[in-house]
1. Would you pull out the residues with amide H under 5 Å of GLY76's amide H, same chain only if 5 or more places away, H placed 1.01 Å from N?
2. At 0.692 mPa s and 37 °C, plugging the Kirkwood radius over alpha-carbon pairs of the range 91-146 into Stokes-Einstein gives what diffusion coefficient in µm²/s?
3. Before anything else, pin down the relative contact order of the chain: Cα pairs under 8 Å, at least 6 apart, normalised by residue count, whole percent.
4. Excluding ALA209 itself, calculate the net charge of residues whose Cβ lies under 12 Å from the Cβ of ALA209, where each Lys or Arg counts +1 and each Asp or Glu counts -1.
5. Taking amide H positions as placed in the peptide plane 1.01 Å from N, state which residues far from ASP194 in sequence (5 or more) or on other chains have amide H under 5 Å from it.
6. Can you classify the range 1-92 as rounded, prolate or oblate using the Cα gyration tensor, where a ≥ b ≥ c are the square roots of its eigenvalues, rounded means a/c under 1.5, and otherwise it's prolate if a/b beats b/c and oblate if not?
7. Compute the separation of the alpha-carbon centres of the range 174-220 and the range 21-50 and state it in Å as a whole number.
8. Mind listing which trypsin sites (Lys or Arg not before Pro) in the range 44-103 are in a DSSP loop and have 14 or fewer other Cβ atoms within 10 Å?
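Read the figures in this text as sums done on the coordinates, not as results from a lab. Only a predicted model underlies this, so the values are computations on that prediction, with no experimental measurement involved. We place every Cβ from the backbone using ideal geometry, glycine too, and count neighbours over all the protein chains shown.
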Amino acid sequence: MIRLRQVALVASDLASVVGELCERLAVGVCFRDPGVAEFGLHNALMTIGDQFLEVVSPLQPGTTAGRLLERRGGDGGYMAIYEVDDLAARLARIAAHGVRTVWGIDLPDIRTRHLHPRDVGGAIVSLDQPVSSGAWRWGGPDWRAHAETSVVTGIAGVAIGAADPAAMHARWAELGLAHAVRFQPAGARGEGIDELELVAADRRRADVAQQIGGVIVRFV
């Protein structure tokens, strides 16, 4: 099993982007994870059904997130985080294809590995295996109480801009990662997550699109 469980955006002004997302999507902040300080960041997470939309922002110079803001000229997509139920097997597969991990942690309730974006392409990908399927430590202790679904009911996927969309799709596919993602030609900002697709509660709003936090938020 592999499922897109969380998408992270990066913003220079955390409060502004989080406020706009909360207002337009009728969601609320379920958790601010102090653990991201390890990466020189602060964050906020919002619950969409049992999935999560995260915004991170640098607190100090020299962070990976800060370099991405500079490289792409502003706010945008950052990470695609997948829940899996077979982390060891997946790590063996990606290692066989030359993919490095840049960070990992094994906790009593979840195991996580961040994959090197240069080895995958388009985004930082995280593979996360919670001890109990459906649990999600990163959402905080009471995320289920914040599962707002009046405007959007789930995260359908992301669109990644790529210099060669077919080649990047093939790479993700051989790594077993081509789930809830599509690839399109990169624009002037270069490669990265450019669109976030959310399931509209009101089906009449499908295909409505708006720009928030440097990405196109598209209702499907």
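1. Those lying under 5 Å, H to H, from GLY76 are VAL10.
2. It comes out at roughly 261 µm²/s.
3. With pairs under 8 Å counted, the relative contact order is 22 percent.
4. Summing Lys/Arg as +1 and Asp/Glu as -1 gives -1.
5. Sorted by chain and number, the residues that satisfy this are ALA159, ILE160, GLY161.
6. Oblate, since a/c reaches 1.5 and b/c is not below a/b.
7. 19 Å
8. Passing both the DSSP loop test and the Cβ count: ARG100.
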